[in-house]
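Please read the structure below before turning to the comments.
The numbers here are math on the coordinates, done by the rules we state, and not lab data. All values reported here derive from a predicted model rather than from experimental measurement. Cβ placement follows ideal geometry from the backbone for every residue including glycine, while neighbour counts extend to all protein chains displayed.
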Ligand SMILES: Cc1cc2nc3c(=O)[nH]c(=O)nc-3n(C[C@H](O)[C@H](O)[C@H](O)COP(=O)(O)OP(=O)(O)OC[C@H]3O[C@@H](n4cnc5c(N)ncnc54)[C@H](O)[C@@H]3O)c2cc1C
Ligand SMILES: Nc1ncnc2c1ncn2[C@@H]1O[C@H](COP(=O)(O)O)[C@@H](O)[C@H]1O
């Protein structure tokens, strides 16, 4: 299987909400110095999904990572290599900045066409900055291939199909899909593997391939290729008036909490 | 597409009934249609949908197209896309609205990209800009830490709307509207996937989406036992349901279907009790609409205390039994 995984570098989404800041005048987030960039967690799980397939037949399987952005930190974007992926392509240029899902998916589609034939593309179900959950399906549409979103299990079958478990509200659907296909991965897949020391060594020696818009034949990228416009970005004000119940002991506080809820007709 | 007019809502039906989210987006669509003084149409795609078409009229639609076919029983995007392409060609709407459900979030981007536009996903609010007559969509970004208003000049404008974000109209059986069948000749060569099975993982008791009280636990509970003992007991006393943040689901302490949050269930109960949950923005996205949030957490700095109405700082092992004993006594 020839597999491609799209991985985005994002600011650590697990950072405390209190660290989050906006430059509202410019409709932009401000990067707080204490918050570090990471690979979008779902994308690590997308890498995991591809590596699980690679594990079954190492010889014939290849995993290529594509990351789009600007000022990508090599230590961060190389993580999938240290987990066991084979190759890294960076779509890196200031011109890629400020794109929406349409701009990102269009550039990824152009790069994938340049990479050549593939069997499976994996994306995360969504990335943690815009939380859009659109690039995967959009990319599949641009490439004219089938897609299954929010997968928790992917198995290659004989006869050119993969069996996918797709998470829905009260359970999951089991689908059989013809490949080449695109699959977006959810956390229900299970934890992504850690990088091994050997993997980290190998990754440090590998040089990513870097492509600019002209290399993949796109004349409009980033902000210039957007279909949607941000009219306003803002942080809703939180009133934050928590009544912290204090008492001589936590147990008494617990009992007092029940009383408070009763007084306020909550229970 | 300059002549596109009206609003098209893509509804969902289960066991012959409109899903609540469909009534909600029909309500939202009705308000936009009235502002634009244009029609609100609704597409229902599925099999054996009974009187759902009439229900969609009662919920605000002017015209309902029912694509009822055995082959449409289970959602699968290469099949449903064939219906949607024909639907868009027939209705030529300026705006398309879907629910942010498993199906809506899968279908909306594919349809959008097919039409050369981008959707705005998981919206909290839709409005019409008077000057341009374009829809403006408000949605949460950065895990819920911020909100953004999006618009686009490209037609049709496509949006999905979050569960419980907009209110349905009171159903009016006297409303006038047409319900017409919509025939689609499915092209088998375009169907790329087939649904082999649907596995239900429903939990016993009241559904978390329907419960007036939800008792939710987080990583701080340390294992599966407190969920089946203390939390289940408290939920029973309050006639509510048990929920969880993501780590207990990831750790298989509880079923995935009770995850509350941005990528789990979006709920708005009267009472939400969060035990051992730090209150990440992604988690709060799923419960911020609750009337009253109560937090029990041993860390006084935990973000949950910025979101809660009442809180106790302490170890749940001590706080919860005393709380439960008192609740029992008060409710007797
Ligand atoms: C794109 C994206 C989507 C996500 N979607 C969701 C989602 O839908 N839902 C969701 O929940 N998360 C989601 N997450 C994960 C989220 O960022 C947090 O990691 C998660 O919510 C943390 O869960 P928690 O509060 O249970 O755990 P933690 O943050 O680890 O908090 C545990 C808390 O328990 C307290 N505690 C520990 N021991 C005790 C004790 N004995 N007594 C009392 N308190 C104690 C601690 O003080 C701490 O505050 C998402 C993340 C991303 C990036
Ligand atoms: N800049 C990017 N570079 C690589 N992959 C991306 C990028 N943006 C989005 N993706 C992929 O698309 C998925 C969905 O992104 P989104 O639609 O923005 O939520 C992510 O989980 C990634 O797999």
Q.
For chain B, place one equal point scatterer on every Cα, skip the solvent, and apply the Debye formula. What is log10 of I(q)/I(0) at q = 0.07, 0.13 Å⁻¹?
A. -0.33, -0.99
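Report the rotationally averaged projected area of segment A:1-135 based on its alpha-carbon convex hull, in square nanometres. If you can, show how the numbers build up before the last one.
Values: hull surface 34.0 nm².
Its average projected convex-hull area is 8.5 nm².
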Q. Between segment B:113-176 and segment A:52-117, how many Å separate their Cα centres?
A. 31 Å
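I want the antiparallel fraction of DSSP beta bridges within chain A, as a percent rounded to 5. Don't jump to the answer; show the numbers that get you there.
Details: 19 of 44 bridges.
Bridges in chain A that DSSP calls antiparallel: roughly 45 percent.
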Q | segment B:1-34 and segment A:19-50: distance between their alpha carbon centers, rounded to Å | A | 34 Å
Q | Isotropically averaged projected area of segment A:141-250, using the convex hull of Cα atoms (one quarter of hull area), nm² | A | 16.3 nm²
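Within 10 Å of each Cβ of A:237-246, how many other protein chain Cβ atoms are there on average? Don't jump to the answer; show the numbers that get you there.
Working: counts 0, 4, 3, 4, 3, 11, 5, 8, 9, 4.
Per residue, the number of nearby Cβ atoms from other chains is 5 on average.
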Q) What does the convex hull of the alpha-carbon atoms of the protein assembly as shown project to on average, in nm²? A) 27.9 nm²
**Q.** Percentage of interatomic Cα-Cα distances in segment A:135-190 larger than 15 Å
**A.** 46 percent
(Q) Within a 10 angstrom radius of the beta carbon, how do B:219, B:105 rank from fewest other beta carbons to most? (A) B:219, B:105
Q.
Highest mean first, how do B:307-316, A:244-253 rank when packing is the count of other Cβ atoms within 10 Å averaged over residues?
A. B:307-316, A:244-253
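Only counting other Cβ atoms within 10 Å, I'd like A:123, A:242, B:287 sorted with the fewest neighbours first.
Values: A:123 31, A:242 17, B:287 25.
Listed from fewest to most nearby Cβ atoms, that is A:242, B:287, A:123.
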Q) How far, in degrees from 0 to 90, does helix B:316-331 lean away from the longest principal axis of the Cα atoms of chain B, to the nearest 10? A) 80 degrees
Q: Just order B:88-95, A:141-148, B:154-161 by mean Cβ neighbour count inside 10 Å, highest at the front, would you?
A: B:154-161, A:141-148, B:88-95
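Stick to Cα atoms and the Kirkwood definition of Rh, then tell me Rg/Rh for segment B:1-59.
Ratio value, two decimals: 1.01.
May I ask you to order B:294-301, B:7-14, B:163-170 by the average number of other C-beta atoms within 10 Å around their residues, highest value first?
Working: B:294-301: 19.8, B:7-14: 25.6, B:163-170: 16.9.
By packing density, highest mean first, the sequence is B:7-14, B:294-301, B:163-170.
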Q: Largest first and in whole Å, give the semi-axes of segment B:76-116's equivalent ellipsoid, each being the square root of 5 times a Cα gyration tensor eigenvalue.
A: 16, 12, 9
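Provide a whole-number value for the mean count of partner chain Cβ atoms within 10 Å of the Cβ atoms in peptide B:240-251. Before the final figure, lay out each step's value.
Numbers: counts 0, 0, 0, 0, 0, 0, 2, 1, 0, 2, 4, 1.
Mean partner-chain Cβ count within 10 Å for B:240-251: 1.
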Q. P(r) of segment B:213-331 in 10 Å steps, Cα pairs, percent per bin?
A. 15, 53, 31, 1
Q.
If each DSSP helix of 4+ residues adds -39,500 (n - 2.57) and the sum is divided by the residues in chain B, what number results at 222 nm, nearest 500 deg cm²/dmol?
A. -7500 deg cm²/dmol
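Using only the Cα atoms of segment B:282-331, what semi-axes does the equivalent ellipsoid have when each is the square root of 5 times a gyration tensor eigenvalue? Give whole Å, largest first.
Numbers: eigenvalues 89, 44, 12 Å².
Largest first, segment B:282-331 gives 21, 15, 8 Å.
Tell me, what is the FRET efficiency for residue A:76 and residue B:190 to the nearest 0.05, using R0 = 60 angstrom and their Cβ-Cβ distance as r? The partial results should precede the final answer.
On the way: r = 40 Å, r/R0 = 0.66.
For residue A:76 and residue B:190, the calculated efficiency is 0.90.
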Q) Which Rg and Dmax, in Å, describe the Cα atoms of segment A:2-225? A) 17.0, 55
Q | Considering only segment B:7-190, percent of DSSP beta bridges that pair antiparallel, nearest 5 | A | 30 percent
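Using a 10 Å cut-off around each Cβ, can you sort B:22, A:56, B:263 from fewest to most neighbouring Cβ atoms? Numbers along the way, then the final one.
Details: B:22 28, A:56 11, B:263 22.
So the ranking, lowest neighbour count to highest, is A:56, B:263, B:22.
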Q. Modelled label-to-label distance, residue A:210 and residue B:89, 7 Å Cα→beta-carbon offset: nm?
A. 4.7 nm
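Would you compute, from DSSP H runs of 4+ residues alone, the mean residue ellipticity of chain A at 222 nm, taking -39500 (n - 2.57) per run and dividing by the full residue count, rounded to the nearest 500? Provide the component values of the computation, followed by the final result.
Values: 7 runs with 72 residues, N = 267.
Counting only the DSSP helices, I get -8000 deg cm²/dmol.
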Q: Count, for each residue of A:14-25, the Cβ atoms from other chains sitting within 10 Å of its Cβ, then give me the mean as a whole number.
A: 4
Q. Taking the Cα centre of each part, how many Å lie between segment A:131-169 and segment A:202-219?
A. 25 Å
Q) Which Rg and Dmax, in Å, describe the Cα atoms of segment B:99-253? A) 21.0, 58
Q) Nearest 10 degrees, 0 to 90: what angle lies between the long axis of helix B:77-91 and the longest principal axis of chain B (Cα atoms)? A) 50 degrees
